[in-house]
Each structure stands twice: as C-alpha cells, then as structure tokens.
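What follows is a short report on a single structure.
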Ligand code: SF4
Ligand code: SF4
C-alpha cells in the first residue's frame, strides 16, 4: 500500500506535455475528466485503502505531475475490472488512463520488484504467479501435475512468448526473453 503522499510540487515548474504522453499511450480521453469521483467510488484499489487510485492519478497527470508519482506502486494494483470505465459519466475510460500510465512507467523502468518478478514468471511459465511446488501440491489432491494452461501446452507458451517479445517489454529488454 502507498505509504506517503509525494512531496509537494511547484505547479509552474511541472513538465509540459504529460497529458499528451498519456494520450499517446492509450489514455486519449484524460482531459474530459471533471473529477466527479465516481470512478474512485467503484475502484477496488481505492476501496483497499491505497492512497493513489484512478481519480487521483488522472488529476495529477492533468496538472502535469509525473516524476513525483513514478514510484507509487498502486498503478500495478489495478485489477482491470473496468468498473471505472462503466461508471464514468464523461467517457474518460479511467482504466485506459491507468494502463497508459503503466506503459509510461515501463518506458521509465519505474516498476516494482514484484511486477518485474511477475513478468519474468509470465514469460517462463505463462502464469504471472507460479511456484515450483504447485505440481507436487496438485498431485497430493489428485489433480494432474499440470493444469490445462500454457503449462500443459508448450505450443501455447511459445505463442505467448512470441507475443511478449513483440511488446515494448521485448524492445527495451526489461526481462530476459530468449
Ligand atoms: S468518473 Fe470519469 S469524470 Fe468522474 S473523476 Fe472519474 S474519470 Fe473523472
Ligand atoms: S479497472 Fe483498475 S482503476 Fe478501474 S476500477 Fe478497476 S481496479 Fe480501479
């Protein structure tokens, strides 16, 4: 959970073009936001007690604040439920803004260690969360060692890896992709 709010910033010194950067990365409607708060009221990230969530990120980015929020982990806590997009009266698509922010963070290499580990595991196994003890545990309860996913279908894993190599992750070499 976010521990502290970022240090105060001087608005006149803020980086220009942050809104444009977010738009270019998928948050095209960010400047339609009227800060009504409906997206925050429906967001599991906000309900879980994170200090930073969709509405606040949109506000900060609209003001041109970016560097000051690079280290905040909660963009990675978004669970892609899309409730915010359904409820927004201005078609801002807050989920898309949060994901645009994630894409910017990837380019800035500003990702939490757990996210990096999840990506590495996703590339290796096809699951963002995977423990090598799973097969043994599954056997004990009478299940096949491998679930019917990329673990059981190597060709599907290869397809996933090929897709990941085509993404920005492959381009910037954030995780080993052989
Ligand atoms: S619901 Fe839409 S308009 Fe309201 S604060 Fe969220 S993004 Fe902005
Ligand atoms: S999609 Fe993400 S930002 Fe939107 S409500 Fe769900 S968790 Fe919150």
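Here, each number is a calculation from the coordinates, and none is a lab measurement. Just so it is clear, the model here is predicted, and its values are computed rather than measured. Please note: Cβ atoms are built from the backbone with ideal geometry, for glycine as well, and neighbour counts cover all protein chains shown.
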The base-10 log of I(q)/I(0) that the Debye equation returns for the range 91-138 at q = 0.23, 0.27, 0.33 Å⁻¹, one scatterer per C-alpha, is -0.87, -0.99, -1.09
Relative contact order as a percentage, the range 106-152, C-alpha pairs under 8 Å and 6+ apart, gives 25 percent
Nearest 10, in degrees from 0 to 90: the angle of helix 154-165 to the longest Cα principal axis of the chain is 30 degrees
Relative contact order in percent for the chain (Cα pairs under 8 Å, 6+ apart) equals 21 percent
Taking Cα atoms only, Rg over Rh for the range 113-172 with Rh from the Kirkwood formula is 1.05
The helix 113-125 Cα axis meets the longest alpha-carbon principal axis of the chain at an angle in degrees, between 0 and 90 and rounded to 10, of 40 degrees
Both in Å, the radius of gyration and Dmax of the C-alpha trace of the chain are 18.8, 63
Per GNM of the chain with C-alpha springs under 10 angstrom, the most fluctuating residue out of 66, 146, 168 is 146
Here the gain from full extension of residue 178 to residue 149, 0.36 nm per residue of separation minus their alpha-carbon distance, amounts to 8.4 nm
Here, residue 19 and residue 130, labelled 7 Å along Cα→Cβ, have an inter-label distance in nm of 4.3 nm
As a Kirkwood estimate from alpha-carbon pairs, the range 43-106 has a hydrodynamic radius in angstrom of 11.8 Å
